[in-house]
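The values are calculated or read from the model by the stated rules, or taken from the named source; none is laboratory data. These figures come from a predicted structure and were not determined experimentally. Cβ placement follows ideal geometry from the backbone for every residue including glycine, while neighbour counts extend to all protein chains displayed.
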Ligand code: TNX
């Protein structure tokens, strides 16, 4: 296509953006083709006066836009009289934008993002970023026009919880790798990062009252095939929590129990019923380990871990796992959970558990996370009927560690192959019998690490499926449309390339170029 008024040296011209070309799809879009805005070397970023949050978000936006534009984009307090620019304002947003939404107005004279909260402002900034041409993601100056399509977006999420999970236990992923993932999550309006911090193959978080847990249970040689050693110190964890919070992402820590506990039981003999430490394991079998249900030291251990984890976690949730406890009898499982759930409340947190936790009739504020592959689960339906909110992660739709197809080099396939379209074509509010829209807390995309080593591996499994799940969590049901989604997704490809994010070139998507 021909763009007039461009310098002859303009870089590659990609198709003009439409106001609706955003993932996740915005709730309300009203395009006005006569109102396009163009960034110039004189554009200012103007933020809500006296708001530290707005200023920080302004600098985040400036840092995002400077490398490719080469423009200075100063961040200044918004005043009455001003030149064209991008304004980030708190307050006076449409009430339906709630606590995470925003309203974005694009006119020739400027872009204005209004939100009732900093989280909403940040979400609006992610939308603005996607509305600019893909070249905006380049790390060097691109000589071209930087046009934002005109009109108005009013946007807000369908579900309050939109999550991604990383398994640090099977292979440890470093804080820098986790941060790189967080940066990507933020762009798709994911607002929770669930960290699976312990499992049979590794213990990945420092616990002071059990000082050998992490250095030994997470030391060199731990992890699948002995290749995933490492753990987070408390300082690492606290820094990660802060980094995520600056991107409006809440960390949800998980200690998996009473099964998936071989690593802890290999370090501390007293956690075993016979008082003998089990050997460390580096294979990928599941369901063989169990804490000793009848021993008091088990509950001392669990309380110490929960207390320390709660103290370093500002977010409201703490995940206690509870899946695949095949080496624990049903009776013991109930005994264990009925002692441990109150401990989570005691330290001020709301428990999450994999859906097996629903078997013990937990309090309604406990959140079962559904990971089954069918559309029926009586225990979860009963929990919903008692008032529980359910987190939806059906393994045959939402598991990012499932292979795309038979040729995918990484991943597992026990829940089937999951191509992009499979990840997209389901309705979280109408997936499980007896669990309707109002019983759904949100959607989470778990990524288990049995086969993953590097950040490249993580990215290859997450992209392009993660944006599909992000859209199911954020966008209104009425926007759901594979044709539209697959086109919008195609346009993310060049952005990932420019950001050096690895992704699977799904044959279902017409990637440009
Ligand atoms: C099942 S999902 C598990 C994990 C594995 C995963 C691999 C769940 C709650 N438990 O222990 O890592 O499958 O896909």
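Observations on the model:
- Any hit, the stretch 154-161, residues being assigned to a strand (DSSP E or B), within 16 Å of the ligand (Cβ to nearest atom), over 10 Å from the mean Cα position of the chain (by Cα) and crowded, with 24+ Cβ neighbours inside 10 Å: no
- Unmet requirement for residue 252, which otherwise passes all of (1) outside any strand (DSSP E or B); (2) out of contact with any helix residue (DSSP H, G or I) (no Cβ under 7 Å at 6 or more places or on another chain): (1)
- Some residue of the stretch 195-202 being in a loop (DSSP other than H, G, I, E, B), in contact (Cβ under 8 Å) with a residue 60 or more places away in the chain and out of contact with any strand residue (DSSP E or B) (no Cβ under 6 Å at 6 or more places or on another chain): yes
- Complete set of residues in the stretch 286-316 that are within 16 Å of the ligand (Cβ to nearest atom) and in contact (Cβ under 8 Å) with a residue 60 or more places away in the chain: 286, 288, 289
- For the stretch 396-421, a residue qualifies if it is touching a strand residue (DSSP E or B) at 6+ places or on another chain (Cβ under 8 Å), touching a residue at least 40 places away in the same chain (Cβ under 8 Å) and on the phi < 0 side of the Ramachandran plot, and the qualifying residues are 398, 399, 400, 401, 415, 418.
- The requirement of being part of a strand (DSSP E or B), at pLDDT 95 or above and more than 21 Å from the chain's Cα centre (by Cα) is not satisfied by residue 65.
- Taking the stretch 403-503 and the helices (runs of 4 or more DSSP H) fully enclosed by it, the elements with 3 or more residues that are surrounded by 15 or more Cβ atoms within 10 Å (Cβ to Cβ) and either within 16 Å of the ligand (Cβ to nearest atom) or in the same structural domain as residue 250 (by TED's automatic domain parsing) (or both) are at 420-424, 455-462, 465-474.
- Among residues of the stretch 216-229, those that are in contact with a strand residue (DSSP E or B) (Cβ under 8 Å, 6 or more places away or on another chain) and in a loop (DSSP other than H, G, I, E, B), counted: 5
- Candidate set: the stretch 90-135, residues that are in a helix (DSSP H, G or I) and over 24 Å from the mean Cα position of the chain (by Cα); chosen: the one surrounded by the fewest Cβ atoms within 10 Å (Cβ to Cβ): 95
- Residue in the stretch 387-394 that is assigned to a loop (DSSP other than H, G, I, E, B), within 11 Å of the ligand (Cβ to nearest atom) and within 19 Å of residue 24 (Cβ to Cβ) present: yes
- Unmet requirement for residue 368, which otherwise passes all of (1) touching a helix residue (DSSP H, G or I) at 6+ places or on another chain (Cβ under 7 Å); (2) in contact (Cβ under 8 Å) with a residue 24 or more places away in the chain; (3) within 14 Å of the ligand (Cβ to nearest atom); (4) not in a helix (DSSP H, G or I): (2)
- Top-ranked residue of the stretch 261-275 - restricted to ones that are in contact with a helix residue (DSSP H, G or I) (Cβ under 6 Å, 6 or more places away or on another chain) and in a loop (DSSP other than H, G, I, E, B), ranked as farthest from the ligand (Cβ to nearest atom): 275
- Hey, residue 82 assigned to a loop (DSSP other than H, G, I, E, B), more than 26 Å from the chain's Cα centre (by Cα) and over 25 Å from residue 146 (Cβ atoms) or not: no
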